[in-house]
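Here's the structure we're looking at; comments come further down.
The values are calculated or read from the model by the stated rules, or taken from the named source; none is laboratory data. Here the structure is a predicted model, which means the values were calculated and not measured. Note that each Cβ is placed from the backbone with ideal geometry, even for glycine, and that neighbours are counted across all protein chains shown.
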């Protein structure tokens, strides 16, 4: 039963990722993969918020697994982030390397901050 619920929530997360990423990329017309950045930052924020909301509370394991592993696992995307970084580096020269570096560092730094902010807000709620 757990795998069915996780799979369903994962599918919902993947659909949400597709929509959010597409909208973000349309809003900021740039060669930088802003759609992936927005998805991963909002996913990091949601993970921090979820962690804070369940810490010290009696939350069913199925709900935690469905939300954390299922939805957020389907929503955020480490592999796409890495592929886009490699493609940027391969695009050539210093510009390509700079873009790859930006694509690796910016989401990492902002993502850690997003988790911390989400966790802080979750503790406050």
* To do: For residue 56, state whether it is in a loop (DSSP other than H, G, I, E, B) and within 20 Å of residue 120 (Cα to Cα).
  => yes
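So that you can scan it fast, the table gives a plain yes or no per residue for (1) touching a residue at least 40 places away in the same chain (Cβ under 8 Å); (2) exposed (fewer than 15 other Cβ atoms within 10 Å of the Cβ); (3) more than 18 Å from the chain's Cα centre (by Cα):
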| site | (1), (2), (3) |
| --- | --- |
| 22 | no, yes, no |
| 38 | no, no, no |
| 61 | no, yes, yes |
| 72 | yes, no, no |
| 75 | yes, no, no |
| 82 | no, yes, no |
* Would it be correct to say that residue 48 is touching a residue at least 24 places away in the same chain (Cβ under 8 Å) and farther than 12 Å from residue 10 by Cβ? -> yes
* **For residue 5: the one exception among (1) within 17 Å of the chain's Cα centre (by Cα); (2) modelled with pLDDT of 95 or more** => (1)
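Can you go through 42, 80 and tell me which one is in a helix (DSSP H, G or I), in contact with a helix residue (DSSP H, G or I) (Cβ under 9 Å, 6 or more places away or on another chain) and under 18 Å from residue 9 (Cα atoms)? Walk me through it before giving the result.
Numbers: 80 fails: under 18 Å from residue 9 (Cα atoms).
Testing whether each residue is in a helix (DSSP H, G or I), in contact with a helix residue (DSSP H, G or I) (Cβ under 9 Å, 6 or more places away or on another chain) and under 18 Å from residue 9 (Cα atoms) leaves just 42.
So is residue 116 surrounded by fewer than 17 Cβ atoms within 10 Å (Cβ to Cβ) and touching a residue at least 24 places away in the same chain (Cβ under 8 Å) or not?
Values: surrounded by fewer than 17 Cβ atoms within 10 Å (Cβ to Cβ): yes; touching a residue at least 24 places away in the same chain (Cβ under 8 Å): yes.
Yes; evaluated as a whole, the condition is true for this residue.
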* Residues being in contact with a helix residue (DSSP H, G or I) (Cβ under 7 Å, 6 or more places away or on another chain) and not in a helix (DSSP H, G or I): count how many of those fall in the stretch 92-125. => 1
